[in-house]
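Student: Dropping the structure in here first, questions after.
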Amino acid sequence: MSKLPDRFDPPAPGPMETIDENPSVTDYYDGSRNLNVVKVQCKLYANASDCLHQSSCGWCGSTNSCILGNNLGPLQACSKSSYIFSAPYPNWNPQTRVVNDQVGGVSLTVVSK
């Protein structure tokens, strides 16, 4: 076949099946009341460690404050290059900077001032 046909015939219909409907008196939630909306006050968290444990917050390094954001970036004013959404590693502390976890079997940490 060098060219596809301009028109395809539809496939043959399958067997008809009946559907049983069960009437219900229950009212189902349609989302109109926004009951699943959670308002997080990121500014309540004063340090980066507490801030980064919140799912809708991130730490703005340029202002040293906790702001609303996600993994794509800050949702409030912040220099994007200074925004952190999650801790770089589990025991992260913004006051210290780990140079190398293991040096000759010893953990080496450099404290920035």
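The values are calculated or read from the model by the stated rules, or taken from the named source; none is laboratory data. Values in this document were obtained by computation on a predicted structure and should not be read as measured data. With ideal geometry, Cβ positions are generated from the backbone for all residues, glycine too; neighbour counts draw on all protein chains shown.
Student: Tell me whether segment 36-45 contains one or more residues that are at pLDDT 70 or above and in contact with a Phe, Trp or Tyr (Cβ under 8 Å, 6 or more places away or on another chain).
Tutor: The answer is no, given that none of the residues of segment 36-45 is at pLDDT 70 or above and in contact with a Phe, Trp or Tyr (Cβ under 8 Å, 6 or more places away or on another chain).
Student: Scan segment 1-21 for residues that are within 40 Å of the chain's Cα centre (by Cα) and at pLDDT below 75 and jot them down.
Tutor: The answer is Glu21, and nothing else.
Student: What is the residue count in segment 61-87 for residues that are part of a strand (DSSP E or B) and in contact with a helix residue (DSSP H, G or I) (Cβ under 6 Å, 6 or more places away or on another chain)?
Tutor: Number satisfying all stated conditions: 4.
Student: Sticking with this structure for a sec: Can you tell me which residue in segment 54-71 is modelled with the highest pLDDT, limited to those that are more than 16 Å from Gln41 (Cα to Cα) and surrounded by 10 or more Cβ atoms within 10 Å (Cβ to Cβ)?
Tutor: We begin by selecting, within segment 54-71, every residue more than 16 Å from Gln41 (Cα to Cα); these are 61-63, 71.
Pick out the ones that are also surrounded by 10 or more Cβ atoms within 10 Å (Cβ to Cβ) and you get 61-63.
Values: Gly61: 89, Ser62: 89, Thr63: 92.
Checking each candidate, the answer is Thr63.
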